[in-house]
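One structure below.
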Amino acid sequence: MRLCRVIVIGFALAYLLSLAAIAISYFNLFGQERDPLSAIPLVLLGQPWVRFLDPFPEPWRPWLAGLTPVLNLIILAGICRAVFSKRP
């Protein structure tokens, strides 16, 4: 149970750090120049769901790509809950 919780929390922290990297790059915080490659960790955390965003309109895709890691986080938490539930 503890390892599963560490994995879920680690994934959530990686997601928050990747969102922070995008925000720092986009808003030029701390003197950072704009870098389009700062979104790569977020896209990797959102795999495989990022692949299914093609049918959506172009303006929605960046926002939806930013939310795809949430699906993986929900799936990880659900697996942990299902495997380690105390129900017989």
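Data for the structure
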| item | result |
| --- | --- |
| FRET efficiency estimate (nearest 0.05) - Cβ-Cβ, LEU29 to TRP60, R0 35 angstrom | 0.90 |
| The chain: angle of helix 2-26 to the longest principal axis, Cα-based, in degrees nearest 10 | 10 degrees |
| Helix-derived mean residue ellipticity, 222 nm - over the chain, DSSP H n ≥ 4, -39500 (n - 2.57), to 500 | -21000 deg cm²/dmol |
| Listed residues VAL43, VAL83 arranged by accessible area, highest first, probe 1.4 Å | VAL83, VAL43 |
| FRET efficiency for LEU37 and MET1, using Cβ-Cβ distance with R0 set to 35 Å, rounded to 0.05 | 0.40 |
| In nm, spacing of pseudo-spin labels at ILE79 and LEU16 (7 Å Cα→C-beta vector) | 2.2 nm |
| For LEU64, net neighbour charge (Lys/Arg +1, Asp/Glu -1) across residues whose Cβ lies under 13 Å away | 0 |
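The values are calculated or read from the model by the stated rules, or taken from the named source; none is laboratory data. Remember, predicted model here, so these are calculated numbers, not experimental data. So basically every Cβ, Gly included, is an ideal-geometry build from the backbone, and we count neighbours across all protein chains shown. Heads up: the accessible areas ignore ligands, DNA and RNA and are worked out on the full protein's heavy atoms, side chains in. Shrake-Rupley method; radii C 1.70, N 1.55, O 1.52, S 1.80 Å.
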